[in-house]
Amino acid sequence: MSKGVAVNGFVSEEELERSPGYPSKERMQQGPVVVIECPQEIPCNPCEEACPHHAITVGEPITNCPRLDETKCVGCGLCIPRCPGLAIFLIDLTHSDKRAAVSIPYEYLPLPHMNQKVTAVNRAGEPVCEAEVIKVADTKPNDRTAVVTVTIPNDYAQEVRGIVRLGGHHG
Amino acid sequence: MRVTHHPILGDLPDSREIKIQVDGKEIAALAGEPIAAALAAAGISVHRYTSEKSEPRGVFCAIGQCTDCVMTVNGVSNVRTCITPVIPGMTVETQHGVGQRRDP
Amino acid sequence: MREVDLAVVGAGPAGLSAAIEGAKRGLRALVIDRNPKPGGQLIKQIHKFFGSREHRAGTRGVDIAQDLFREARDLGITLMLGWEVYNLQPGRLQVVRSSFGETSDESPEASIAAKKIVLATGAEENAFYFDGWTLPGVMGAGAAQTMTNVWRVLPGSRILMVGSGNVGLIVTYQLLQAGADVVAIVEAAPKIGGFGVHAAKIRRAGVPILTSHTVVRALGESRVKGAVIARVDDAWQPVVGSELTLDVDTICVAIGFRPNTRLASLAGCRLTNSSVLGGWVPIHNGQLETTVPGIYVAGDVSGIEEASTALEEGRLAGIVAASAMGKTSEHDQQQLQAIADRLCSLRGGPFCQPIQDAKSELVELGEEVCPKE
């Protein structure tokens, strides 16, 4: 049985399944949708205001875990750079037949560039597959939290949550 | 090692480079930065040696509270190098023990 | 001798906020800080803050600091930077230059008379006594943060972080952002102390967090050149035979802070001991006034918390100090209530409950023993 975020430093499958910020598998099959990996009660709610479609709710008290209304989420990803915990990601299982797209917040230099081949990692920082960069968004509203979108083989969509930093060493 | 490019703080702002002397050797410093910053950038970690056992000491708190980083600066002992800005031509010496008492 | 209405010791988020609220209500306010740059620890917080919109969630600490500087400047608040308070009595402060002045003509000493004083002196990093802990290259996590984010110099290239509270996790992330390698975090407790989202960022970056581990020795002669870590048992003792040597040149200690209460003590403020709040803490009432009338505390000195609470406590102290001098402004009561609500909100949830409880206890004690108007 996995030990969860307080021991490993990353969320377990069980924590994700219980989390109100996680969409259903059915919804993921329909098109791009965000996943919010924030299972602890901490005082924080910028995600709620970030969504123009009001798909994210925290309410009062602000320690509530964020709840995702998967019927309202259109997968725009505007919430990704607004989360101070860098805990929101976008998953698109419908990107193509064989490949899924995952968008991650990224605050390191150098930023990857379009079409760059990078190494994708899982929540434990372990390299799992090669990825191709298809978008790097770093505009003023991001306030220096770039959003990098990579494509990966479908099988890895539930695992990939980061890329090996391009500047430094890893692990 | 200077952090010249930073994803949040941006590029290191243009700063006038000046020279200070450390144990008789000239090193580069950026105008206005604390002495300890110039030393760290130059790879110097030892600021002083203790009185009894001559053990090396360097930066611990970096904000002027612990006094581990003190050196003799312009002939004055026990100067907290982490909160003292560099001035061109400053002389900085590795301090041994408590240094010289200042005149009242 | 300089005369002001409000003297604030410490130009961090609490101190600047106190001076700003005081100055808004017409007080002549002065802020003293030993550092050549204002902002305290706030200028080093380059991550986006948590909380809600009212708490400026989503804004980076360093940007909030710029707003405070601008406000202070616009209100004509005097900042005495590079000055150290060496004596503090009710109504009077004596200061000395903390470093060299611009010219040798300037007097290195000064006296200040102030009707009200706010102590916003922040905190000191705790040290952790392991073999070799005094070697250059062993430093507080806050020191590493100062070096990296203010001095723009890396403290080292291969770093061991000791402690997995929010400070250890956040500073680790910031060291990675600056281009250093953090080889591992060791945490003596069986669980990670800080928020899961902070831990998750650095785990994705490949940094292992070794719970039930501690550092037992720093290796090196004139500088750290390695660290020996070991597993700890249920009694928090290193397990013989579990030692591992790490190739590091820097060891950052992130095991907590204690309030910097020296001036409060000197001025005769009564202290009480609260381990949750970081150790000895000046007793204060709900108005942040200590047992010495006219001396207030705000920010980490009144209990170790974070920047968001320091901003709020500073505001509170500034408003009550002004009010005590008859300088109020419309809606003061509403503002004070709003601050109390925002503090409550920041102190919510399981991580912060112990602090909420400890602060309530402290204020209860303060209401009993602090002088009433």
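The values are calculated or read from the model by the stated rules, or taken from the named source; none is laboratory data. Everything numeric here is computed off the predicted structure, so don't read it as measured data. All Cβ positions, glycine included, derive from the backbone under ideal geometry; neighbour counts span all protein chains shown. For the accessible areas, the whole protein counts, side chains as well, though only heavy atoms, and no ligand, DNA or RNA atoms are used. Shrake-Rupley method; radii C 1.70, N 1.55, O 1.52, S 1.80 Å.
For the stretch A:39-53, name all the residues that are closer than 17 Å to A:Ser103 by Cβ and in contact with a helix residue (DSSP H, G or I) (Cβ under 6 Å, 6 or more places away or on another chain).
A:Ala50
Of the residues C:Glu367, C:Glu289, only one is of a type in the set (Asp, Glu) and surrounded by fewer than 17 Cβ atoms within 10 Å (Cβ to Cβ); which?
Numbers: C:Glu289 fails: surrounded by fewer than 17 Cβ atoms within 10 Å (Cβ to Cβ).
Result of the check over C:Glu367, C:Glu289: C:Glu367.
In the stretch C:194-207, how many residues are over 27 Å from the mean Cα position of the chain (by Cα) and either among the aromatic types (Phe, Trp, Tyr) or open to solvent by 20 Å² or more (accessible area, probe 1.4 Å) (or both)?
The total comes to 1.
Can you name the residue in the stretch C:57-79 that is within 14 Å of another protein chain (Cβ to nearest Cβ) and either in contact with a strand residue (DSSP E or B) (Cβ under 7 Å, 6 or more places away or on another chain) or in a loop (DSSP other than H, G, I, E, B) (or both) and, of all such residues, is least open to solvent (accessible area, probe 1.4 Å)?
Checking each candidate, the answer is C:Arg60.
Of all residues in the stretch C:317-333, which are open to solvent by 20 Å² or more (accessible area, probe 1.4 Å) and either closer than 18 Å to C:Ala7 by Cα or modelled with pLDDT of 95 or more (or both)?
C:Ser323, C:Ala324, C:Met325, C:Gly326, C:Lys327, C:Thr328
Assess whether A:Arg144 counts as being basic (Lys, Arg), within 22 Å of A:His53 (Cα to Cα) and within 13 Å of chain C (Cβ to nearest Cβ).
In short, no.
It is to be established whether one or more residues within the stretch B:34-52 are open to solvent by 20 Å² or more (accessible area, probe 1.4 Å) and without any contact (Cβ under 8 Å) to a residue 12 or more places away in the chain.
Among the residues of the stretch B:34-52, at least one is open to solvent by 20 Å² or more (accessible area, probe 1.4 Å) and without any contact (Cβ under 8 Å) to a residue 12 or more places away in the chain, which makes the answer yes.
Would you point out which residue out of B:Thr72, B:Thr84 is more than 7 Å from chain C (Cβ to nearest Cβ) and touching a strand residue (DSSP E or B) at 6+ places or on another chain (Cβ under 7 Å)?
From the options B:Thr72, B:Thr84, the qualifying one is B:Thr72.
Can you name every one of the helices (runs of 4 or more DSSP H) wholly within the stretch C:111-230 that holds 2 or more residues which are of a type in the set (D, E, K, R)?
Counting at least 2 such residues, we get C:196-204.
Let's see how each residue does on (1) over 30 Å from C:Val85 (Cα atoms); (2) facing chain C (nearest Cβ under 8 Å); (3) not in a strand (DSSP E or B):
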site: B:His5; (1), (2), (3): yes, no, yes
site: B:Gly10; (1), (2), (3): yes, no, yes
site: B:Ala37; (1), (2), (3): no, yes, yes
site: B:Val46; (1), (2), (3): no, yes, yes
site: B:Val59; (1), (2), (3): no, yes, yes
site: B:Thr67; (1), (2), (3): no, no, yes
site: B:Gly89; (1), (2), (3): no, no, yes
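Taking the conditions exactly as written (more than 10 Å from chain C (Cβ to nearest Cβ), touching a helix residue (DSSP H, G or I) at 6+ places or on another chain (Cβ under 6 Å), closer than 15 Å to C:Val153 by Cα and modelled with pLDDT of 95 or more), does B:Ala29 satisfy them or not?
yes
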